[in-house]
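Written out below as structure tokens is the structure these notes cover.
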Amino acid sequence: MELYLPIAEMSVHWLVILGMGAGVGFLSGMFGVGGGFLLTPLLIFYGIPTSIAVATTSSHLTASSLSGAIAQWRRRAVDFKMAAVMLAGGLTGTALGVSLLGLLHRSGQSDLVVSFLYVVMLGAVGGMMLNESARTLLAERHGVAAPARRRSGHAWIHGLPFKLRFRQSRLYISAIPPLGLGLIVGILSALMGVGGGFIIVPAMIYVLRMPTNVVVGTSLVPMVVVTAATTILQSVQNFTVDILLALVLIAGGTIGAQMGVRIASRLKGEQLRLLLAILVLIVALRLLYGLVATPDELYSVAVGTS
């Protein structure tokens with residue numbers, strides 16, 4: 001069955017969109033990422049205009065992140081104080097990102113800029129996570145202790161002011177790094193249609209040194225509010241949120257997130273990181289190919305609105 005999308009001005013098969021939502025929701029619950037790093041490229045590959053894919057993905061991320069956050073809260077795996085600090089920076093970043101995306105869309109550069117940002121960010125994060133998790137798993141398999149790198153290179157964090165105690169995470173650090181992470185998540189959410197989980201989850205593990213068992217749940221809480229704010233701002237300022245597309249994605253994402261949480265509880269932290277790293281790199285390579293490959297049509301004509 002075909003479903004006509006009024007904002008995107010095109011017809012899509014609703015089962016394909018439902019499957020995309022379910023798959024990305026599954027990743028949200030399993031890895032603690034919003035899944036936008038995968039959903040936005042998938043929608044673009046399917047033919048949805050970039051600006052609409054970015055904006056509408058935010059609404060899906062709100063639902064899937066909320067579903068995953070509730071499941072993690074029931075397991076008592078959420079540091080709400082850490083989440084609140086990140087959220088303060090996230091809302092500021094959201095406002096900045098929405099304005100910037102609107103400017104890129106009006107100048108006709110949103111497709112190129114968004115794809116390039118995806119390749120750079122996913123390639124860097126995926127490579128780092130793959131290296132760290134593979135080294136740890138290989139060390140465990142050979143019965144050798146994994147290289148200890150918890151302290152080196154991060155002494156600067158302990159010298160920062162405005163320290164707070166995060167009891168759930170067993171940390172006593174400055175509020176500045178979590179605030180900065182939240183700012184980045186807000187900008188990425190608006191500019192790239194992502195929850196920022198593929199950035200914030202590794203950063204919480206490797207930079208803030210949070211325990212893996214609370215990282216997933218804690219990362220989802222600010223994602224819920226930031227992506228909800230992004231959806232509202234994109235709708236009001238840029239008019240690029242397609243409600244019908246969002247509803248189908250949300251229906252699939254809510255179900256998939258619950259399944260992902262159940263699967264995640266059966267895997268080790270390093271196994272989750274390795275799987276996420278491989279997935280991130282696959283998406284980066286696909287987007288890189290799209291940037292360098294010769295297009296089927298060398299020229300296109302777009303009608304702009306003033």
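The values are calculated or read from the model by the stated rules, or taken from the named source; none is laboratory data. No experiment lies behind these values; they were computed from the predicted model shown. Heads up, the Cβs are rebuilt from the backbone with ideal geometry, glycines too, and the neighbour counts pull from every protein chain shown. We work out accessible area using only protein heavy atoms, side chains counted, and drop any ligands, DNA or RNA first. Shrake-Rupley method; radii C 1.70, N 1.55, O 1.52, S 1.80 Å.
Some points to look at:
- All conditions in (1) modelled with pLDDT of 80 or more; (2) under 15 Å from the mean Cα position of the chain (by Cα); (3) of a type outside the set (Asp, Glu) hold for Ile232, with the sole exception of (2).
- One residue stands out among those in the range 26-50 that are modelled with pLDDT of 75 or more and open to solvent by less than 10 Å² (accessible area, probe 1.4 Å): the one that is farthest from the chain's Cα centre (by Cα), which is Ile48.
- Hits in the range 58-104 (condition: part of a helix (DSSP H, G or I), surrounded by fewer than 21 Cβ atoms within 10 Å (Cβ to Cβ) and either at pLDDT below 80 or within 14 Å of the chain's Cα centre (by Cα) (or both)): Gly102, Leu104
- Candidates Leu208, Leu267, Leu249, Leu220 - the one that is in a loop (DSSP other than H, G, I, E, B) and either open to solvent by less than 10 Å² (accessible area, probe 1.4 Å) or modelled with pLDDT of 80 or more (or both): Leu208
- Residue match in the range 169-182 (condition: under 24 Å from Leu103 (Cβ atoms), open to solvent by less than 30 Å² (accessible area, probe 1.4 Å), modelled with pLDDT of 70 or more and under 15 Å from the mean Cα position of the chain (by Cα)): yes
- Test for Met259: is it open to solvent by 70 Å² or more (accessible area, probe 1.4 Å) and either at pLDDT 75 or above or outside any loop (DSSP other than H, G, I, E, B) (or both): yes
- Filter pass, Pro147 being in contact with a Ser or Thr (Cβ under 7 Å, 6 or more places away or on another chain) and either modelled with pLDDT of 75 or more or surrounded by fewer than 19 Cβ atoms within 10 Å (Cβ to Cβ) (or both): no
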